[in-house]
Structures are given as C-alpha cells and as structure tokens.
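Engineer: Quick one: the structure is below, and I'll ask about it shortly.
The values are calculated or read from the model by the stated rules, or taken from the named source; none is laboratory data. Computed from a prediction, not measured in an experiment: that's the story for all the values here. As a convention, Cβ positions derive from the backbone with ideal geometry for all residues, glycine included, and neighbour counts pool all protein chains shown.
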Amino acid sequence: MQNIYNFTLKELEEKMQPAFRAKQIYHWLYVKYTQDFDSMQNLPKDLKETLKKDYKIQHLEIIKVEISKDGTKKYLFKTLDGFSFESVFIKMRDKKLDENGNVLEGERYTFCLSSQIGCKVGCAFCFTAKGGFVRDLSAGEIVEQVVRLKKDNDLLPEKRVNIVFMGMGEPLNNLDNVAQAIKVISQLDGLSISPRRQTISTSGIAPRIKKLGELNLGVQLAISLHAVDNALRTKLIPMNKAYNIESIIEAVREFPVDTRKKIMFEYLVIKDVNDDIKSAKTLLKLLNGLQAKVNLILFNPHEGSEFKRPEMKKVKEFADFLVKRGLLATIRESKGIDISAACGQLREKELKVSHETL
Ligand code: SAH
Ligand code: SF4
C-alpha cells in the first residue's frame, strides 16, 4: 500500500490507464482536499477499487489544535505508526479592502512544516533537539501537512500560501523526501505553490546545500547562522565543527538564487551571548558580496534553557546597525507566542502527550 501523496503528477500518469485519470485524481486530492477514493465521483468504479487496493490517502490524524490570540494555529499530528509532530498555520496578513469594499489584497498565509520527527543536529537552544531523533517524514507525510492545513481552515485552492521548512527537523538531513515533497506541492493542477514561495531553512550542512543547489528546485534558502565566530557557533550548533561558518558561506556563494530574491540568514539573538554590536560588525563583513538578508529572531526561552531572551532595544540597535550599512535586516514577528508555536519551539510538551496516547 503506497501513500498517494508521494507522487508527482507525471509519476501518477505513468501508473494510470488511461493517463488522464491522474489529473482527475490530482484535482480531488489537492483542489477538493478529498481523502477517500469513493468520493471521487468522475472515476469509474473499478478504478476506485484498484486505487483502494494500491494506495492509501490519509496518513495523518489531527490530535490537537492550539489556537493563539493572533490566529496562529499549532497542529499536532499523529502518524500511522503512532508518533506525533507539529505544523503551524500562520495568517500573515488580513484581507485589505478599499473604501468601496473591493479587495485590494487577499489574505496571506504561511505554513511552517516539519521534515522529520525530532532532529539529529542537537542545537543547544532548540526545543525540538531535546526530544532526540525519531525518524524522517516521508514525502507524502510532508505534502499531507499542506493539504490538511488548507482543508481544516477551509482555504480556497487559490489562496496565497507560503511554505517554510522551519518546523521540526533538519530538512537537509531528509533531502530526498523534502525535494520530492516540494515537487508535489508545486505541481500545477495540484496545490500549485511555486517553489519560489517555499523556503528551506537549514542549520548549515555545507555539502547538502551544494546538493540542494544542484537539484535546481528553485526554492528559497535560509541559513540558521546564529553566530559569527566558530567557537560560539560550535557551542550552539555542534555540527559547526564539521561544517564551519566559512564552509557554509562558500556553499551559499555557489547556490543558484532567483535574481529577485535573497538568501536569508537567520540570526537567533540571545541575551549577552551574541547581541553585541561587535557581532553585527562581523556579520556585515561575513555577508559582504552576497545577495543576503538577515532575519533576527528573538530567542524564546523554554523550561530548563540556559539562555535568555534579549532586550528588544538591543535587537533594534543590532538591526539598525546593519540596515544603516546597506544590509537588509528584519526582526521576526513572533506569531503564536502564547501557544509556543514559534518555529523551533515545537515538541517536548506534546511528545509527552503523544506517549500518553500511544
Ligand atoms: N533545522 C532547521 C529548520 C528548523 S529550526 C534549522 O535549524 O534551520 C527553525 C528555526 O527555529 C531556526 O532558525 C531555529 O534557529 C529557530 N529556533 C530554534 N530554537 C529556537 C528558540 N528557542 N527560540 C527562537 N527560535 C528558535
Ligand atoms: Fe534541528 Fe533546527 Fe532544532 Fe537545530 S534548530 S536542533 S537543526 S530543528
């Protein structure tokens, strides 16, 4: 039994007789968000029966939804083998109307997806890391997160959605499945979310950044840099020993970038650790000559963490320093902070829940 969300349209066409059935199935799956073959009305009965024997649609169960005051929703999913992981639904912008009630701009949503259950990288500041690593998510399980978030929120197929791989896991440690999921998610006649609107965030596995570039998927890249000197970065992200700052920057230099877009460098600002202007200066030097933008993230403290949240004043000074010198820098809005839905905040609390429900 195969997960039907694993396949691109072309792959399904190769499996179907006649091939045009694949397009019809795609429409049911990704435009109507249908999760049972019996409801696919324009398919002949015998095809439905074969499909039921060969493929399964639903692989995830929603076991909890937490809703933040700002409308952000955190979904806890359970897999068929009984593990749980999360995705976050973020409403980035409300609909804008003119004085006559005409729509000027539609709503915008961002879905923060998980690529693995847990993570092997073990960053010192990360909540996900505390629970260790369980397993990779399949391409189909990644794709289904998008379908379920759209379905559960009654989003019309054409609503503008951005995807960020900033949930649980290191996407480049599950590159094959993530790459396949991106292909399925961007499929015209399906979810049709262009790769340009999908961002892979990585803790910086230099050779895999290179490999991702070679795949030429057209996705955006975000690098979790967090520190500008190797000693500190190794303390925060142990893998920095193998792939240090210089090797990451070199891999980024070779990465094919959409000329209209920039590579994002995420910088987790931690009080008295990396929030000084000297670090900002070094960061500026480091990114010199790159098509880069910096996203400053305020560290979100969690139970038992040795780090503290920085003062907003210092983060603003840090950002101003960069902006005044021509480097685009933004401070990430903390959506869903009251339900700890911030990316990188996922797991543990819920892991306990999942053990109880197993
Ligand atoms: N593994 C990938 C993607 C998932 S982590 C990566 O590390 O890039 C997504 C983002 O959440 C990263 O930028 C990470 O630094 C951030 N993050 C992790 N722990 C956090 C915390 N305690 N507070 C705020 N952001 C955090
Ligand atoms: Fe893994 Fe990213 Fe968390 Fe580091 S920050 S442990 S790479 S999920």
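Engineer: If Ser224 passes every condition in (1) within 16 Å of ligand 1 (Cβ to nearest atom); (2) surrounded by fewer than 23 Cβ atoms within 10 Å (Cβ to Cβ) but one, which one does it miss?
Structural biologist: Checking Ser224 against (1) within 16 Å of ligand 1 (Cβ to nearest atom); (2) surrounded by fewer than 23 Cβ atoms within 10 Å (Cβ to Cβ), the one that fails is (2).
Engineer: While we're looking at this one, here's another question. Being β-branched (Val, Ile, Thr) and farther than 20 Å from Ala329 by Cβ is the filter here; which residues of the range 203-239 pass it? Let's see the steps before the verdict.
Structural biologist: Step one: list which residues in the range 203-239 are β-branched (Val, Ile, Thr), which gives 205, 209, 219, 223, 228, 234, 237.
Across the range 203-239, the qualifying residues are Ile205, Ile209, Val219, Thr234, Ile237.
Engineer: Could you check the range 150-176 and list, in sequence order, the residues that are of a type in the set (A, V, I, L, M, F, W, C), over 10 Å from the mean Cα position of the chain (by Cα) and within 14 Å of ligand 2 (Cβ to nearest atom)? Give the steps one after another, and end with the answer.
Structural biologist: From the range 150-176, those of a type in the set (A, V, I, L, M, F, W, C) are 155-156, 161, 163-166, 168, 172, 175; that's our starting set.
Among the residues that remain, those that are also over 10 Å from the mean Cα position of the chain (by Cα) are: 155-156, 161, 172, 175.
Those that are of a type in the set (A, V, I, L, M, F, W, C), over 10 Å from the mean Cα position of the chain (by Cα) and within 14 Å of ligand 2 (Cβ to nearest atom): Leu172, Leu175.
Engineer: Looking at (1) within 15 Å of ligand 2 (Cβ to nearest atom); (2) in contact with a helix residue (DSSP H, G or I) (Cβ under 7 Å, 6 or more places away or on another chain); (3) at pLDDT 95 or above, which is the only condition Leu322 fails?
Structural biologist: If we test Leu322 against (1) within 15 Å of ligand 2 (Cβ to nearest atom); (2) in contact with a helix residue (DSSP H, G or I) (Cβ under 7 Å, 6 or more places away or on another chain); (3) at pLDDT 95 or above, just (1) comes out false.
Engineer: Cβ-Cβ under 9 Å, sequence separation 6+ or interchain: first residue in the range 13-41 and in a loop (DSSP other than H, G, I, E, B), partner β-branched (Val, Ile, Thr). Which pairs?
Structural biologist: Met16/Ile25; Tyr33/Val147; Thr34/Ile57; Gln35/Ile57; Gln35/Val147; Asp36/Ile57; Met40/Ile25; Met40/Thr34
Engineer: So, in the range 175-193, how many residues would count as being of a type in the set (D, E, K, R) and assigned to a loop (DSSP other than H, G, I, E, B)? Please lay out each step first, then the result.
Structural biologist: Step one: of the range 175-193, the residues of a type in the set (D, E, K, R) are 176, 183, 189.
Going one step further and asking which of them are assigned to a loop (DSSP other than H, G, I, E, B), we end up with 189.
Residues meeting the conditions: 1.
Engineer: Kindly evaluate Ser334 against the criterion of being modelled with pLDDT under 95, within 16 Å of ligand 2 (Cβ to nearest atom) and in the same structural domain as Met168 (by TED's automatic domain parsing). Reasoning before the result, please.
Structural biologist: Values: modelled with pLDDT under 95: yes; within 16 Å of ligand 2 (Cβ to nearest atom): no; in the same structural domain as Met168 (by TED's automatic domain parsing): yes.
No.
Engineer: Here is a follow-up. Taking Leu172, is it of a type outside the set (Phe, Trp, Tyr) and not in a strand (DSSP E or B)? So that I can check it myself, show each step before the final result.
Structural biologist: Working: of a type outside the set (Phe, Trp, Tyr): yes; not in a strand (DSSP E or B): yes.
Yes: the conditions hold for Leu172.
Engineer: Any idea which of (1) modelled with pLDDT of 95 or more; (2) among the aliphatic types (A, V, I, L, M); (3) in contact with an Asp or Glu (Cβ under 8 Å, 6 or more places away or on another chain) is the one Leu104 doesn't satisfy?
Structural biologist: Checking Leu104 against (1) modelled with pLDDT of 95 or more; (2) among the aliphatic types (A, V, I, L, M); (3) in contact with an Asp or Glu (Cβ under 8 Å, 6 or more places away or on another chain), the one that fails is (1).
Engineer: Among (1) touching an Asp or Glu at 6+ places or on another chain (Cβ under 8 Å); (2) exposed (fewer than 15 other Cβ atoms within 10 Å of the Cβ); (3) in contact (Cβ under 8 Å) with a residue 24 or more places away in the chain, where does Ile63 come up short?
Structural biologist: (1)
Engineer: Cβ contacts < 6 Å: first residue on the phi > 0 side of the Ramachandran plot, restricted to the range 163-190; second residue hydroxyl-bearing (Ser, Thr, Tyr), any location; separation 6+ or different chain. Result?
Structural biologist: Note: pairs meeting the criteria are Gly169/Ser114; Gly169/Ser115; Asp189/Tyr26.
Engineer: Run down Leu155, Leu149 and say which single residue is more than 13 Å from ligand 1 (Cβ to nearest atom), part of a loop (DSSP other than H, G, I, E, B) and not polar (S, T, N, Q).
Structural biologist: Working: Leu149 fails: part of a loop (DSSP other than H, G, I, E, B).
After ruling out the rest, the residue left standing is Leu155.
Engineer: With the structure loaded, tell me whether Phe37 is within 26 Å of Asn153 (Cβ to Cβ) and assigned by TED's automatic domain parsing to the domain that holds Leu113 or whether it fails that test.
Structural biologist: Details: within 26 Å of Asn153 (Cβ to Cβ): yes; assigned by TED's automatic domain parsing to the domain that holds Leu113: no.
Here the answer is no, as Phe37 does not meet what is asked.
Engineer: Are any residues in the range 284-315 part of a helix (DSSP H, G or I), basic (Lys, Arg) and surrounded by 13 or more Cβ atoms within 10 Å (Cβ to Cβ), and if so, which ones?
Structural biologist: First pass over the range 284-315, keeping only residues part of a helix (DSSP H, G or I): 284-286, 312-315.
Pick out the ones that are also basic (Lys, Arg) and you get 285, 313-314.
Of everything in the range 284-315, just one residue is part of a helix (DSSP H, G or I), basic (Lys, Arg) and surrounded by 13 or more Cβ atoms within 10 Å (Cβ to Cβ), namely Lys314.
Engineer: Next question. Quickly run through the range 103-132 and pick out the residues that are outside any loop (DSSP other than H, G, I, E, B) and more than 24 Å from Ala227 (Cα to Cα). Even if it seems obvious, please write down each step before you answer.
Structural biologist: Going through the range 103-132, the residues outside any loop (DSSP other than H, G, I, E, B) turn out to be 103-105, 108-112, 116-118, 127-130.
Val103, Leu104, Glu105, Arg108, Tyr109, Thr110, Phe111, Gln116, Ile117 - these are the residues of the range 103-132 that are outside any loop (DSSP other than H, G, I, E, B) and more than 24 Å from Ala227 (Cα to Cα).
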